[in-house]
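Below is one structure, written out as structure tokens; the observations come after it.
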Amino acid sequence: MLCATSRLLAARAASALPAHPRGRGPAPRSRRRELHFPGHPELPPGDLLAGRFAGPSVSTGRRAILRRGRMPPAAGGGLAGSELRPRRGRCGSQAARAAGRDVATETATARSPKRPAPLSSRRFEAAGRWALLALVTLTSFATRFHRLDQPPHICWDETHFGKMGSYYINRTFFFDVHPPLGKMLIGLAGYLSGYDGTFLFQKPGDNYEHHSYMGMRGFCAFLGSMLIPLAYLTVLELSRSLPAALLTAALLTFDTGCLTLSQYILLDPILMFFIMAAMLSMVKYNSCANRPFSAPWWFWLSLTGVNLAGALGVKFVGLFIILQVGWNTLSDLWHLFGDLSLSMVTLGKHLTARILCLIVLPLALYIATYAVHFMVLNKSGPGDGFFSSAFQARLSGNNLHNASIPEHLAYGSMITVKNLRMAIGYLHSHRHFYPEGVGARQQQVTTYLHKDYNNLWIIKKHNSNSADPLDPSHPVEFVRHGDIIRLEHKETSRNLHSHYHEAPLTRKHYQVTGYGINGSGDSNDFWRIEVINRKFGNRIKVLRSRIRLIHLVTGCVLGSSGKVLPKWGWEQLEVTCTPYLKETLSSIWNVEDHINPKLPNISLEVLQPSFPEIMLESHLVMIRGNNGLKPKDNEFTSKPWHWPINFQGLRFSGVNDTDFRVYLLGNPVIWWLNLLSIALYILSASIFAVAVQRGAHLPVKVEGLSQVLLRGGGQLLFGWMMHYFPFFLMGRVLYFHHYFPAMLFSSMLTGLLWDTLLRLCAWSLASYPLARCVHVLGILTLLLGTAYSFYLFHPLAYGMVGPLAQDPQSPMAGLRWLESWDF
Amino acid sequence: MLGFLQHPVMVTAEVNLNMVALTAMGLLSRLWQLAYPRAVVFDEVYYGQYISFYMKRIFFLDGSGPPFGHMLLALGGYLGGFDGNFLWNRIGAEYSSNVPVWSLRLLPALSGALSVPMAYEIVRELGFSHCAATGAALLVLIENALITQSRLMLLESVLIFFNLLAVLSYLKFSNSQKHRPFSPRWWFWLVLTGVACSCAVGIKYVGVFTYLLVLGVAAVHAWHVIGDQTLSNVRVLCHLLARAAALVVLPILVYLLFFYIHLLLLYRSGPHDQIMSSAFQASLEGGLARVTQGQPLEVAFGSQVTLKNVFGQPVPCWLHSHQSTYPMIYENGRGSSHQQQVTCYPFKDVNNWWIVKDPGRHQLVVNNPPRPVRHGDVVQLVHGMTTRLLNTHDVAAPLSPHAQEVSCYVDYNISMPPQNLWRLDIVNRESDTDVWKTILSEVRFVHVNTSAILKLSGVPLPDWGFRQLEVVGEKLFRGYHESTVWNVEEHRYGRSQEQKERELELHSPTQVDISRNLSFMARFSELQWRMLTVRSDDSEHKYSSTPLDWVMLDTNIAYWLHPRTSAQIHLLGNVVIWASASLATLAYALLFVWYLLRRRRRVCDLPEDRWLRWVLAGALCAGGWAVNYLPFFLMEKTLFLYHYLPALTFQILLLPVVLEHVSDHLCRSQLQRSLFTALVVAWFTSACHVSNMLRPLTYGDRPLSPSELKALRWKDSWDILIRRY
């Protein structure tokens, strides 16, 4: 940077800048003082430097540029950074290479002698560009599809996402914490490639055997390969510089981490594809800003919306790119709003267009994915218990589907009781006692998410255990609001019981147990049943009535704390009796199954919830599921600060030296270069920003580069921050692969930064051939360096067999640069 | 000079009178009957125990906040001559006669009282009228929740005081920036800003939000200074350096100072020792220091040691073994090696002693001179009481089946060879030839045959393992985690050749002599780290609430109930003030956006200086509210209404600002203005009235009849205690 700044000073002095914005005459001497950089207050006054640097070696072309530099760039007069931006660049890739339009037009004449651009050479250049893009795409596909079938067994999370793909093919309902789009696409890819959904995907390491898995892997690898051309185009659009784009593409192609993550049946390649596509279309759309409402403008704008919906539909992490696009749109609108030449009507059109394309369209698409999801999955499956009773009625095969059960609860009925809070489950008990030291040593009562005989309870009168209530000679007696009842566990014949002992996990609540023998217990078994929404009269309706059970003796309310019991409780959820009478969902229940031979069954078709209700419910369940993924004590978890330094990888496959091992780890050369680049970027960008704020007028060429750095680079840095820092706030379990979207942005920033810095350096060196040489050499070094590091580390991604890295015989010997890498 | 002085004397006197009156009223409202009730009120029970610890100089660890706040409360106790002898166990317990209640509550009350004139000054410095300033101060004065909170031995009022002080001194600084930068006055306010910020952070971590806000405003102002081209580069640099020193470096130093004083004061060991590392414990008087005093420093072959796990989760424990073996078959049908159990045991026990043995020799005693163990040496660990060797092998551990079982080897003659060699890996070594030191060295034991690492899995074993914690050999993991790290706590050189003598020796206390010190920075970083990571049970509380309940005061906290009558103290705000402050914030936000958009279209409703004033007031007051309120949505701990009070104070400051703005700029005619003034007066009267009605619940000085209490329950969600007779 130093070389660049001193060069700046020289240029400044040589071109004797104007004293005030409009003036064209030579500057008064006294103005010189402003030109120093705050960082180098002791630098000698410009004349001397100018004599040394800007001497005879300055070419005529350069001089012309410098002289043009007297014109204050349109942006130079602004105060804050935001007002600096010359608003619009050119549309499409055929635009001139300079960043700002104003700068570009102004320099057009100055440039012409240096770069004559006749039509033929331009065509040649365009062809070269296309060839380069094709080359980049080809390399990326080649690296991603190389040895895609290896290993032919389940790797890491393929066990989840492959399984979920199969669920779509089999149309069985399941529950996952991520939105459905990604898994639906995987399922679709599998379906189209002839996979029949019969493979079980039980655990990592299971062999695929005859099942066709290449379709799904190929689909993910295809999207993973597309990342590189997308990044290439994005950087090209932001920097208008082929070397920068090329460098970015190389960084991503040769990164072992991106490669590994793209080769398996995972959500990440799909997510990253949508993120990058959204970024590219946003950038493209930004450069169309000078032709609003034209066809390309609409195209890129709506494509942005489509990709946003895609990103959010795969994982909730997609929210970050939405925020980024949102921020970009806001600042865009802000600039339009400040443009007094636009009427309010035009502004209204602008606003409406964005609302339509960036809010309404994505939302519609997102909802559509759910509609498809619910339509496809119409069979009962492993996810049922996570959802409310009403929801389950939709699923064929579920016992609530087209169910006909007695409507009103009567004494003697056998019931299951479900908590109304999402993903808590059914009131449950089993033949195990609370361990010693955890309250009274009586039978455990928990909540359980799966359907099971142990969820069945019999509702009885508190004072009579007499005759069999199912005896037909007894009249049917309905349970009413406010009745005192007893709940007897069917399998063990113990009563639901509570007493003044602290609950196992929530110390301030009371313990709930199963007590008594064959239904005879004590007065602590009495509960008052209350209906909360009493619009159905005093009787208690199956499924519809929201009930509370209040313990008669202590006055506490039966509820579930939602905490997971330790091993002794089979990791089911804790049930407590809470003395705080606040009305929360966790202490409200409904009756789901109901068996009573004395009552007539009625059909419960009417229950089916509407689509918005299903949407809301499935989102609540997903959020709860995400929050539930908490790290346990003494578990080694990945911390966000580990990620950018490539501290530790993830084992995709294989442990021992005889196994086929795949290890997800970034290419350390690239990752550490990225890290360095972020620091360098912040440094150089702040130097430029301060220089502008101090009123320094930059030479045109430097001005253009600084615009690329501040605007293009700023967007990329913002993207990196948006995709990285929120993880510090997340309480859930985090994994290394969460960093990869941020890594894409960071690599793009690296490409853009090094190209710009090398250009600056080259510019500060005097003669044109030498400058070009420096630039080309620098870029080449970086390209070859990354390629060589990929050659070194490629076994991580393509798989390795043989001894572990600490063994000198290993293929990776000497490459375990950090002790925490275990390959 | 004289003329300059004479003219503003009038003005100054006027201001002073206002201020004096406000201060006096503040003092009166906060100090009146301060020693009543003479019983533990609400969270006093929590802070009180720490005050007692300070009085007795006993070390404690409190994860809720840095020590400055606790120290201030303890200062009150010190001035009042408190000896720390009071059992803080129950809310409502009568104070015994040795507890100087008045002086314990004095500092919070004084901070609460001084917040009143400070509110006045802040609004003045923001450039608004005396009338608005007085209004702000009066609102702070009569706000019931603020009164309640500052009359008790609690920290919120002190936090609010320093928050306001930070904002006020920054404003004074930035106002003097225009006229006389680098004057003594300029320096004074700049430094005071830094100090006040760090005091706020030192009381509660949430103070950091106000600090960040002030830093943010300062950064924007500094950016303008950079853009000011009338200043020379050197001068700009001086400006930046001065700000960096006073607003970044100084607060860090002051924060460290709090911990320095804290550690200086608390030099005795106490109940929280166990959470800290052995080295830290050894630096306290009594406790572990008494045991380890005079131990040999360097561990040698033949040393007898106890090994403590550094992680200390779920409980601090020592590597342990005993005669019992692993059950042949576990409950789930898996088999074990049936060798002697190795566990981690949270209590001192003779079975925690291990002897460091050289694999090449048979002796279990220390040579003369002792041969120290170094990083990378291969050792065997002999269990002192059973003389079996620590062993691990490819058998799944009882509860963590992915890891190896660790046992003390028993030879059953079943072709399962002993694998009892461990390589010593000193984690915090300075060089590769470092010697293994007692207490100071953090070591890992890497198994030679399988390269597994000795690790505490933290899972309690079932009954057959006496509920001690499981220890495993971790194969997969090679990164650093504290649960794989151990340190020697007790240590002596073994002297006895015979098993019987050795057992006697193991039972005897350790002795011999050397001393060790831990530097302040080491102690500080350990303490700070533990404070941030210590986990308190996030228990549900009867009066806990969510941030959404706070804005419109939908909740309250019953602080205290008289043991016999129905006199009671509640944390209950003045509903009129809370509601109108929230409305004012909303109005500010809407007006701000409106003006901003209009300015963007070059329509300037406000003159430039008015606009800047309006923006600054919003940045500090509305911003102060936002930064002190919104982060609570992300916090997972149990929240209470009093967490909102710092945010509320900023919101109250905004209220008169908005009112004055409406009257000056939005009321077009004189008539409208008069009407508006009348409205404001009526509104203020009603606020005073409400404040007066709630007074019995604020001071708790007057028993109310059940009907009166019922009448006070304006919202169903309020919990007012009504005695049943």
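The values are calculated or read from the model by the stated rules, or taken from the named source; none is laboratory data. Model, not experiment: these values are computed from the prediction. For neighbour counting, all protein chains shown are included, and Cβ atoms are generated from backbone atoms with ideal geometry for every residue, glycine included. The protein model used for the area step is the full one, side chains on, heavy atoms only, and it has no ligands, DNA or RNA in it. Shrake-Rupley method; radii C 1.70, N 1.55, O 1.52, S 1.80 Å.
Observations
- In the range A:285-296, the residue that is surrounded by the fewest Cβ atoms within 10 Å (Cβ to Cβ) out of those that are in contact (Cβ under 8 Å) with a residue 60 or more places away in the chain and in a helix (DSSP H, G or I) is A:296.
- Against the test of being open to solvent by 50 Å² or more (accessible area, probe 1.4 Å) and at pLDDT below 90, the options B:682, B:711 yield a single qualifying residue, B:711.
- Looking across the range B:403-417 at every residue that is of a type in the set (Val, Ile, Thr) and more than 43 Å from the chain's Cα centre (by Cα), the one that is least open to solvent (accessible area, probe 1.4 Å) is identified as B:410.
- Residue that is small (Gly, Ala, Ser), out of contact with any His (no Cβ under 6 Å at 6 or more places or on another chain) and open to solvent by 10 Å² or more (accessible area, probe 1.4 Å), where the choices are B:622, B:617, B:647: B:622
- Hey, residue A:654 of a type outside the set (A, V, I, L, M), within 13 Å of chain B (Cβ to nearest Cβ) and open to solvent by 10 Å² or more (accessible area, probe 1.4 Å) or not: yes
- When residue B:211 is tested against (1) within 14 Å of chain A (Cβ to nearest Cβ); (2) at pLDDT 95 or above, exactly one condition is not met: (1).
- Going through (1) out of contact with any Phe, Trp or Tyr (no Cβ under 6 Å at 6 or more places or on another chain); (2) surrounded by 15 or more Cβ atoms within 10 Å (Cβ to Cβ) one by one, residue B:634 falls short only on (2).
- The range B:370-402, subset touching a helix residue (DSSP H, G or I) at 6+ places or on another chain (Cβ under 9 Å) and within 14 Å of chain A (Cβ to nearest Cβ), residue least open to solvent (accessible area, probe 1.4 Å): B:398
- Test result for residue A:261, in a helix (DSSP H, G or I) and open to solvent by 20 Å² or more (accessible area, probe 1.4 Å): no
- Looking only at the range B:509-529, and only at residues there that are surrounded by 13 or more Cβ atoms within 10 Å (Cβ to Cβ) and modelled with pLDDT of 85 or more, the one that is nearest to the other protein chains (Cβ to nearest Cβ): B:528
- Flag not set for residue B:150, criterion: open to solvent by less than 20 Å² (accessible area, probe 1.4 Å), in contact with a helix residue (DSSP H, G or I) (Cβ under 9 Å, 6 or more places away or on another chain), over 30 Å from residue B:700 (Cβ atoms) and more than 14 Å from chain A (Cβ to nearest Cβ).
- Consider the range B:438-452 and keep the residues that are open to solvent by 10 Å² or more (accessible area, probe 1.4 Å) and farther than 19 Å from residue B:355 by Cα. The one that is farthest from the other protein chains (Cβ to nearest Cβ) is B:449.
- Residue list for the range B:663-676, restricted to those being touching a helix residue (DSSP H, G or I) at 6+ places or on another chain (Cβ under 7 Å) and part of a helix (DSSP H, G or I): B:663, B:673, B:676
- Within the range B:573-610, the residues that satisfy the criterion of being in a helix (DSSP H, G or I), open to solvent by less than 20 Å² (accessible area, probe 1.4 Å) and among the hydrophobic types (A, V, I, L, M, F, W, C) are B:577, B:578, B:581, B:584.
- Enumeration of residues in the range B:625-638 that are touching a residue at least 24 places away in the same chain (Cβ under 8 Å), away from every other protein chain (no Cβ under 14 Å) and over 19 Å from residue B:108 (Cβ atoms): B:625, B:627, B:629
- Options B:220, B:236: the member that is hydrophobic (A, V, I, L, M, F, W, C), surrounded by fewer than 20 Cβ atoms within 10 Å (Cβ to Cβ) and within 14 Å of chain A (Cβ to nearest Cβ): B:220
- Within the range A:340-350, if we keep just the residues that are within 11 Å of chain B (Cβ to nearest Cβ) and open to solvent by less than 40 Å² (accessible area, probe 1.4 Å), the residue that is nearest to residue B:603 (Cα to Cα) turns out to be A:342.
- Only residues that are crowded, with 22+ Cβ neighbours inside 10 Å and among the basic types (Lys, Arg) were counted across the range A:394-418, and they come to 1.
- Only one entry in B:191, B:167 is open to solvent by 10 Å² or more (accessible area, probe 1.4 Å) and either under 25 Å from residue B:607 (Cβ atoms) or hydrophobic (A, V, I, L, M, F, W, C) (or both), namely B:191.
- Residues (closer than 30 Å to residue B:572 by Cβ and at pLDDT 80 or above) located in the range B:530-545: B:543, B:544, B:545
- Options B:333, B:360, B:302: the member that is without any contact (Cβ under 8 Å) to a residue 24 or more places away in the chain, away from every other protein chain (no Cβ under 14 Å) and at positive phi: B:333
- The residue that is least open to solvent (accessible area, probe 1.4 Å), among those in the range B:42-98 that are free of Cβ contacts under 8 Å to residues at least 40 places away in the same chain and polar (S, T, N, Q), is B:52.
- Odd one out for residue A:487 among (1) at pLDDT 85 or above; (2) touching a Ser or Thr at 6+ places or on another chain (Cβ under 8 Å): (2)
- Residue match in the range B:418-429 (condition: surrounded by 15 or more Cβ atoms within 10 Å (Cβ to Cβ) and among the acidic types (Asp, Glu)): yes
- Members of the range A:488-543 that are acidic (Asp, Glu), assigned to a strand (DSSP E or B), more than 14 Å from chain B (Cβ to nearest Cβ) and over 26 Å from residue A:393 (Cα atoms): A:488
- Residue in the range A:374-390 that is within 26 Å of residue A:741 (Cβ to Cβ), open to solvent by less than 60 Å² (accessible area, probe 1.4 Å) and part of a helix (DSSP H, G or I) present: no
- The single condition from (1) surrounded by fewer than 20 Cβ atoms within 10 Å (Cβ to Cβ); (2) modelled with pLDDT of 85 or more; (3) among the polar types (S, T, N, Q) that residue A:112 fails is (2).
- Complete set of residues in the range A:502-533 that are charged (D, E, K, R) and surrounded by 14 or more Cβ atoms within 10 Å (Cβ to Cβ): A:502, A:508, A:525, A:528, A:530
- Yes/no for residue B:483 being within 14 Å of another protein chain (Cβ to nearest Cβ), in a helix (DSSP H, G or I) and at pLDDT below 85: yes
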